[in-house]
Amino acid sequence: MNFPENPLARAMRDRFPADIEDEDMSVVNDDGGVQEQHTRDFPSAFSASASGAKNRIVAVLPWLFLAAAPILAVVLLSLPLRAPIGAMYWDTFTYYDAANRMFTGQMPAIDFFTPAGPLGYAIAAIWIGLFPSGQPSLLIHWSTMTVTVPLMALVLAGLPRAPRALGLWLVIPFLLFSLLPFNGKEFSSFPGSDAFGFYNRQTCLILFPLISGLMFARHRGVLISLITLSMFVLFFWKITGFLAAGLICAFALLAGRVRLRDAALAAVLFAILLALIEVSTGIVISYIADVLTLVRMNSGTLLPRVAQALSINFGITAALGVLIGTLLIAGRSELRSAFAKALHERSTTSVAAFLDRPAFWLAAITVAGVFFETQNTASQAMIFVWPALLGALLALPSWTAGSRSVIVIATLVGAVYLPPAVSIIERAARAYVGGLRYVPLEHANLKTLGAVTTRSSVLTRSAVMTDIYARHRPAYEDIAALDELPGSVLYSDFDFQIAYLQTVDRAIGSLHALEAKNGVRFNTIMSLNFTNPFPWLMDRKAPLHITVGADPFRAVPAPDSDVQRAVSAVDIALMPTCPPTNANARLLALYSGGLANHRRIKLDECYDAFVNPKFETLNQ
């Protein structure tokens, strides 16, 4: 199928004939025929005019940048850095809680429930062990490079020779989001670290190389390996990311980017990997059971969350919609011809030729991205659309009618991708530059979890509010009894997060004093709260079967007999009371059966404790 060559395409061909002529962009079908695709020519439509040493530099730079990123992370994590505290900073604690459980012999999905896949927690645990002094919010985000950098290296290995700068165009935005641990949206008016939404951001980063490979990889072995490994990682990282990737891979199959036999081989290899993991650990079936439990708990929220995902990410999804429409209008003559041919021939080749165009790729990725965002509180939403946007830009000369279309489409591409990129860069600059004036949190027992800074006014307010919570506890208990929080954005308030750190610090001191006074040691510590940092901070154990990141509204299943037995065996369960919250009250109600024989005492002004009956002689 031949399409009219516009002036820009002819100019590119005349200027860089060697780059274009050296690239055979045809695709072999399963029946041995050659599929002719106009969009398959887009990588060879643009290339850098360079020779000799310059060409070699352009070729090697993506590899150097990709290698430099984890090296930079290792250097920074070896330093005693502090980060400005941010909204919902306590999400960080869930990874250290999970790491401590794994260090003491527990296995995610088998011994404890997680709100996301076990792989992200396991890799974070490895990094926590390797970098004990690393700043937590940086460490958890950067730990993703364990999988994303090798996947991106696979992409680079499979790229065509033209355009020579293609690797740079893919690697630079990938590393920008890999190195900056910030979400696309703010949850506070103050600048601070985004120590939450980790597995959402990480999933977006894993999808980036997968889509890059589907768009540009030329080597069959690279593509099969990339699909297999990406899907395997996503399956164990976050199941909605795995499903979103499945939608995109299914479209790639329909569009002829992936041959049926290659897709089947990738599926077989994926199944073999799952089988090996299941045989060696037994984790796969347990993890699937956990996923089904989460689905049942959240099934009634899907449609409202679709609307929420569209509204939160309206800027990028609306711009994508306009871009897709513009691409379809600009290529309408070719689209009609391809559609007519598909109707006439009714072959997989003609259908693939019709589908394999930038507008449809962008539409498929947008649908998958919106689906993924339905279950996300925070994320680097839609950053993985860049490879398809780049494909649209590179395809422009091969089918646009004139320079006006080129300008309009290029502008819309910028409207899609520049806002999230600029927002994340701006938020990082505000946090780290503004944070230079912040003061460090003073603590005695928080290890690196206390490696944060904040405004002096936030420290003052947190002290004031903690005193008010303690002196007016009945009032806040009344608020919790009405299933409300003291403030609608309580967990996003910096003063709440600082106060939580300070009360945990004091509670550990109170526990040590209680143990010393009675000559006992609480080996197993539970927390009736969203997170349980105490076992990690005190070198103790957490009970079996208790959820990491215990959100009773979305991620804590009803406890069965095994869970209640594990709860009844804990030495001490701690419940924060500054302030009392509806979530903590729900957790107490869920686990009340297991704590029925425990004695409730007042540990300090901001913590109650439920003490195991075996410590019946305990004196306060």
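Between region 518-572 and region 193-209, what's the alpha-carbon centroid distance in Å?
27
Where does each of 416-425, 267-276 land if you order them by average Cβ count within 10 Å, highest first?
416-425, 267-276
Of all the accessible heavy-atom surface of region 573-620, with the other protein chains kept in place and a 1.4 Å probe, what percent is carbon and sulfur?
Using a 1.4 Å probe with all protein chains present, region 573-620 comes out at 48 percent carbon and sulfur.
Compute the helix-to-body angle for 239-254: its Cα long axis versus the longest principal axis of the chain, expressed 0 to 90° and rounded to tens.
With both axes taken from Cα atoms, the answer is about 10 degrees.
In region 93-165, carbon and sulfur make up what percent of the accessible area (probe 1.4 Å)?
66
Would you work out the Kirkwood radius for region 340-393? I mean one over the mean of 1/r across all pairs of different Cα atoms, in Å.
This gives a value of 12.8 Å.
Given N residues in region 79-211, what is Rg(Cα) / (2.2 N^0.38 Å)? Don't jump to the answer; show the numbers that get you there.
Values: Rg = 16.3 Å, N = 133, 2.2 N^0.38 = 14.1 Å.
For region 79-211, the normalised Cα radius of gyration comes out at 1.16.
Using a/c under 1.5 as the rounded threshold, could you call region 297-393 rounded, prolate or oblate? The axes a ≥ b ≥ c are square roots of the C-alpha gyration tensor eigenvalues, and prolate needs a/b larger than b/c, oblate otherwise.
Here region 297-393 falls in the prolate category.
By how many degrees, between 0 and 90 and to the nearest 10, does the Cα long axis of helix 358-373 differ from the longest principal axis of the chain?
The answer is roughly 10 degrees.
Output the relative contact order of the chain, whole-number percent, from Cα pairs under 8 angstrom with separation of 6+ residues.
19
Please turn the phi angles of region 580-592 into ³J(HN,Hα) values with the Karplus equation 6.51 cos²θ - 1.76 cosθ + 1.60 (θ = phi - 60°), one per residue in order, whole Hz, x for glycine and proline.
Running phi through 6.51 cos²θ - 1.76 cosθ + 1.60 with θ = phi - 60° gives x, 10, 5, 5, 5, 5, 5, 5, 4, 5, 4, 9, 4 Hz.
With no solvent and one point on each alpha carbon, what is the Debye value of log10 I(q)/I(0) for region 385-473 at q = 0.11, 0.18, 0.24 Å⁻¹?
-0.60, -0.90, -1.15
Under the rule a/c < 1.5 gives rounded, and otherwise a/b versus b/c splits prolate from oblate, where does region 447-523 land using the Cα gyration tensor?
It comes out oblate by the Cα gyration axes.
Checking the a/c ratio against 1.5 first, then a/b against b/c, what shape does the Cα gyration tensor give for region 468-613?
Numbers: a/c = 1.61, a/b = 1.17, b/c = 1.37.
The shape class here is oblate.
May I ask for the angle, rounded to the nearest 10°, between helix 403-434 and the longest principal axis of the chain, with both axes built from Cα atoms and the value confined to 0 to 90°?
Value to nearest ten degrees: 20.
Specify, per residue and in Å³, the volume enclosed by the convex hull of the alpha carbon atoms belonging to the chain.
157
Where the centroid of each part is defined by its Cα atoms, how far is region 100-132 from region 210-237 in Å?
For region 100-132 versus region 210-237, the Cα centre distance is 25 Å.
For the chain, give the magnitude of the charge dipole about the Cα centre (Cβ charges: +1 Lys/Arg, -1 Asp/Glu; no others), in debye to the nearest 20.
The calculation lands at about 640 debye.
Arrange the peptides 591-604, 430-443, 317-330 so that the one whose residues have, on average, the most other Cβ atoms within 10 Å appears first.
317-330, 591-604, 430-443
Percent of accessible area on region 253-391 owned by carbon and sulfur, 1.4 Å probe?
Roughly 74 percent, rounded to a whole number.
Just the number: Rg to Rh for region 252-339, Cα atoms, Kirkwood Rh, two decimals.
Taking Rg over the Kirkwood Rh, I get 1.16.
Could you rank the peptides 473-483, 348-358, 286-296 by their average count of other C-beta atoms within 10 Å per residue, with the highest value first?
Those peptides, ordered most packed to least, come out 348-358, 286-296, 473-483.
I need the phi-derived Karplus couplings for region 456-462: 6.51 cos²θ - 1.76 cosθ + 1.60, θ = phi - 60°, integer Hz, Gly and Pro marked x.
So the Karplus estimates, Gly and Pro as x, are 4, 5, 5, 4, 5, 5, 4 Hz.
Using R₀ = 51 Å, calculate the FRET efficiency as 1/(1 + (r/R₀)^6) where r is the Cβ-Cβ separation of A558 and N55; round to 0.05. Present the calculation step by step, with values, prior to reporting the outcome.
Numbers: r = 63 Å, r/R0 = 1.23.
Computed FRET efficiency for A558 and N55 comes out at 0.25.
Modelling each spin label as a point 7 Å along the Cα-to-Cβ direction, I'd like the E484/N597 distance in nm, to one decimal.
Placing both labels 7 Å beyond Cα along the Cβ direction yields 4.0 nm.
Around F372, under 13 Å between beta carbons, what's the net of Lys plus Arg minus Asp minus Glu among the other residues?
Local charge sum for F372: +2.
May I ask you to derive the FRET efficiency for L247 and N619 from their Cβ-Cβ distance with R0 = 60 Å, giving the value to the nearest 0.05? Please list the in-between numbers first.
Values: r = 61 Å, r/R0 = 1.01.
Efficiency, rounded to the nearest 0.05: 0.50.
Using a 4.7 Å cut-off between beta carbons, which cysteines in the chain end up with no partner cysteine at all?
For the chain, the answer is C204, C249, because their Cβ atoms have no other cysteine Cβ under 4.7 Å.
Using the heavy atoms of the protein chains and a 1.4 angstrom probe, tell me the accessible area per residue for the chain in square angstrom.
I get 40 Å² per residue for the chain.
Report the full-extension gain for the segment H472 to M297: residue separation times 0.36 nm, less the Cα-Cα distance, to one decimal in nm.
59.6 nm
Ignoring everything except DSSP H segments at least 4 long, calculate the 222 nm mean residue ellipticity for the chain; use -39,500 (n - 2.57) per segment, divide by total residues, nearest 500.
Values: 27 runs with 378 residues, N = 620.
So the helix-based figure for the chain works out to -19500 deg cm²/dmol.
Given 0.36 nm per residue, what is the gain on full extension from A410 to W63 after removing their alpha carbon distance, in nm? Could the numbers behind the result be given before it?
Values: separation 347, 0.36 × 347 = 124.92 nm, distance 2.72 nm.
Here the segment from A410 to W63 would lengthen by 122.2 nm.
Could you check the simple spin-label distance between S333 and A516, using points 7 Å along Cα→Cβ, in nm with one decimal?
8.6
Looking at this model, which pairs from K54/K341; K541/K602; K185/K602; K238/K447 are more than 32 angstrom apart at the alpha-carbon?
K54/K341; K185/K602
The values are calculated or read from the model by the stated rules, or taken from the named source; none is laboratory data. Predicted model only: the values in this text are computed from it and were never measured. Positions of Cβ are backbone-derived with ideal geometry, glycine not excepted, and every protein chain shown enters the neighbour counts. Ligands, DNA and RNA are stripped out before the accessible areas are found, and what is left, the full protein with its side chains, is counted by its heavy atoms. Shrake-Rupley method; radii C 1.70, N 1.55, O 1.52, S 1.80 Å.
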